[in-house]
Amino acid sequence: MKHCLICTNCKKKHKPSIFLLRCDDCNSVVKVEYKDFPQDKNSMMDSLLSSNSTSLGDGDTPIIPLNNLGEKLAHKFLYAKLEFLSPTGSFKDRGANVLMNVAKNFGVNEFVEDSSGNAGASLAAYASFMNINANIFVPHKTPDAKKEQIRVYGAKLFPIEGSRNDTTISAMSYSEGNDILYLSHNLSPYFSEGMKNVTYEIIQEGFLFDHVILPVGNGSLLLGMYSAYEALYKQGKITNIPKFHAIQASSVSPIYNYFHGIDWDISQVLPTLASGIAVSNPPRIFEISDTIRKSKGTVMTVEEKDMIYWKKYMSENEGLFIEVTCSAALAGLNKLLKEKKIEPNEKVLIPLTGTGLKESK
Ligand SMILES: [Zn+2]
């Protein structure tokens, strides 16, 4: 057995399984633990699967300098990783790749999933080419283009009235009522494994970053990227782990408040255009907070008007058409620079997580 699932709370080890979303002793979320931590993408897939993996061609996204932005913010070393060039237009394809390959390996032929849109589209695409039936639940306010994209791949779409949390509740109840596997990408330990590949690619290309700034809702990208950095650092393969800064919309900010020790509850949620990070109850909040602390990074919130501003700025000045969720990281970068949390000679990476094309009305 090349990997197992370990409880993030009581540390109980469980056998690999696509069906286990929580520890059977304490009900906490679980994560993947490897016998030997993989050194690259291929060895990771070998450790997770007993058969060969298949892919839609996600990953290996370009890293480019943001020169005009650098000039505007008076900081030379700003880089973007163009995750929105993934097959379905978002970084979620990396997670969908691993999750769907593991599901196929376990003989899954149908599942239920809930998403704010992008993850649902990714899973629908992977399910389509792996001949698996997908039932995708999304909030009814999800942009039409994302809903249409999920339908295009042949998935059954369920738009749900109410909040993002109501969507999760509906998906779970449909799964129970119809005896179909609930394959939550937020709870499954396999989804964020795909995000480790972002770190493998950065290191293989020889990039050394001091800061990574990213929008955080459920934290899969942050958790996946950091764990690969940490493991490679412990093995002596790299000499530095970047500081990870999580950016949330001020309208939905559970991680910000938990990290800074401020009371917060779901009744404080306000509407936000950053639907990809509008997660009021992230299941991995403790793990996310610990990870940011270990990396010596921070959590910030940004306002709606700033996200809209930076989305427009990136299109008009860098030729990069990104979604509002993604522009939260740019608004966060601006704040981090103003607060002098980034030194003048430090290199900054911003993964541009999702395309703006799917947000157009
Ligand atoms: Zn446990």
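Derivation of every value follows stated rules applied to the coordinates shown; laboratory data play no part. Computed from a predicted structure; not experimentally measured. Ideal geometry is used to build each Cβ from the backbone, glycine not excepted, and the neighbour counts take in all protein chains shown.
For the chain, give me the percentage of DSSP beta bridges that are antiparallel, rounded to the nearest 5 percent. The partial results should precede the final answer.
Numbers: 13 of 40 bridges.
If I count the DSSP bridges inside the chain, around 30 percent turn out antiparallel.
What does the charge dipole of the chain about its Cα centre add up to, to the nearest 20 debye, if the Cβ of each Lys and Arg holds +1 and the Cβ of each Asp and Glu holds -1?
Once rounded to the nearest 20, the dipole reads 560 debye.
Could you list 244, 207 so that the one with the fewest beta carbons within 10 Å of its beta carbon is first and the one with the most is last? Can you show the working numbers first?
Details: 244 27, 207 13.
Ranked by crowding around the Cβ, least crowded first: 207, 244.
Based on alpha-carbon centroids, what's the gap between segment 196-210 and segment 277-336 in Å, whole number please?
Answer, in whole Å: 20.
From the helices alone, meaning DSSP H stretches of at least four residues, give me the mean residue ellipticity at 222 nm for the chain, per-run term -39500 (n - 2.57), in deg cm²/dmol to the nearest 500. Let's see the in-between values first.
Working: 12 runs with 135 residues, N = 361.
Here the helix-only value at 222 nm equals -11500 deg cm²/dmol.
On a full-extension model of 0.36 nm per residue, what is the gain between residue 40 and residue 19, subtracting their alpha-carbon distance, rounded to one decimal in nm?
On the way: separation 21, 0.36 × 21 = 7.56 nm, distance 2.57 nm.
So the chain would gain 5.0 nm between residue 40 and residue 19.
Could you check what % of the DSSP bridge pairs in segment 35-187 are antiparallel, to the nearest 5? Intermediate results must be reported in sequence, preceding the final value.
Details: 3 of 15 bridges.
DSSP beta bridges in segment 35-187 are roughly 20 percent antiparallel.
Convert each backbone phi in segment 301-315 into a coupling constant with the Karplus relation 6.51 cos²θ - 1.76 cosθ + 1.60 (shift: θ = phi - 60°), then list the ³J(HN,Hα) values in order as whole Hz, x for Gly and Pro.
10, 9, 8, 4, 4, 6, 5, 5, 4, 6, 4, 5, 4, 5, 5
For the chain, set up a GNM with springs between Cα atoms under 10 Å and report which of 27, 281, 165 has the largest fluctuation.
27
Considering Cα pairs under 8 angstrom that are at least six residues apart, work out the relative contact order of segment 76-194 and quote it in whole percent. If you can, show how the numbers build up before the last one.
Working: 200 pairs, mean separation 35.9, N = 119.
Answer for segment 76-194 is 30 percent.
Would you mind giving the three semi-axes, in whole Å and largest first, of the ellipsoid equivalent to segment 212-273 according to its Cα gyration tensor? Before the final figure, lay out each step's value.
On the way: eigenvalues 175, 26, 15 Å².
Calculated on Cα positions only, the semi-axes equal 30, 11, 9 Å.
Mind listing the phi-derived Karplus ³J(HN,Hα) values for segment 275-281, rounded to whole Hz, using 6.51, -1.76 and 1.60 with θ = phi - 60°, and x for any glycine or proline?
Values per residue, Gly and Pro as x: 5, x, 10, 7, 10, 7, 9 Hz.
Take the eigenvalues of the Cα gyration tensor for segment 113-183, scale each by 5, and report the square roots as semi-axes in whole Å, largest first. It would help to have the intermediate numbers written out before the result.
Values: eigenvalues 59, 50, 12 Å².
They are 17, 16, 8 Å, listed largest first.
Please state the equivalent ellipsoid semi-axes for segment 71-194: what are the square roots of 5 times the Cα gyration tensor eigenvalues, largest first, in whole Å? Don't skip to the end; give the middle numbers.
On the way: eigenvalues 148, 63, 35 Å².
Ellipsoid semi-axes (Å, largest first): 27, 18, 13.
Restricting everything to alpha-carbon atoms, can you work out Rg to Rh for segment 233-361 with a Kirkwood hydrodynamic radius? Can you show the working numbers first?
Working: Rg = 15.5 Å, Rh = 15.7 Å.
Value, to two decimals: 0.98.
Which whole-Hz ³J(HN,Hα) couplings does segment 108-125 yield from phi under the Karplus relation 6.51 cos²θ - 1.76 cosθ + 1.60, θ = phi - 60°, glycine and proline marked x?
5, 10, 7, 8, 10, 9, 10, 7, 7, x, 5, 5, x, 5, 4, 5, 4, 5
Taking just the C-alpha trace of the chain, give me its Rg and Dmax in Å.
19.0, 56
Scaled to the compact-protein estimate 2.2 N^0.38 Å, what is the alpha-carbon radius of gyration of segment 128-241, rounded to two decimal places?
On the way: Rg = 18.0 Å, N = 114, 2.2 N^0.38 = 13.3 Å.
Working it through for segment 128-241, the quotient is 1.35.
Hey, with R₀ at 30 Å, roughly what FRET efficiency would residue 340 and residue 286 work out to, going by the Cβ-Cβ distance, to 0.05?
Values: r = 29 Å, r/R0 = 0.97.
Plugging the Cβ-Cβ distance into 1/(1 + (r/R0)^6) gives 0.55.
Over the chain, with a Gaussian network built from C-alpha contacts below 10 Å, which listed residue (12, 92, 104) shows the highest mean-square fluctuation?
Comparing 12, 92, 104 in the GNM, the peak value goes to 12.
What does the net charge come to around residue 298 if you take all other residues with beta carbon closer than 15 Å to its beta carbon, with K and R at +1 and D and E at -1?
Details: positive: 243, 293, 294, 296, 335, 338, 340, 341; negative: 210, 290, 339, 343, 346.
Computed value for this residue: +3.
Highest GNM mean-square fluctuation, the chain, Cα pairs closer than 10 Å: which of 47, 192, 280?
Result: 47 has the largest fluctuation of those listed.
What is the Cα convex hull volume of segment 1-109 when expressed per residue in Å³? Present the calculation step by step, with values, prior to reporting the outcome.
Values: hull volume 17.1 nm³, N = 109.
Once divided by residue count, the hull of segment 1-109 is 157 Å³.
Using Cα pairs closer than 8 Å and at least 6 residues apart in sequence, work out the relative contact order for the chain, in percent. Walk me through the numbers on the way to the answer.
On the way: 721 pairs, mean separation 65.2, N = 361.
The normalised contact order for the chain reaches 18 percent.
Using Cα-Cα distances under 8 Å and only pairs 6 or more residues apart, what relative contact order does segment 111-269 have, in percent? If you can, show how the numbers build up before the last one.
Values: 220 pairs, mean separation 27.8, N = 159.
The value is 17 percent.
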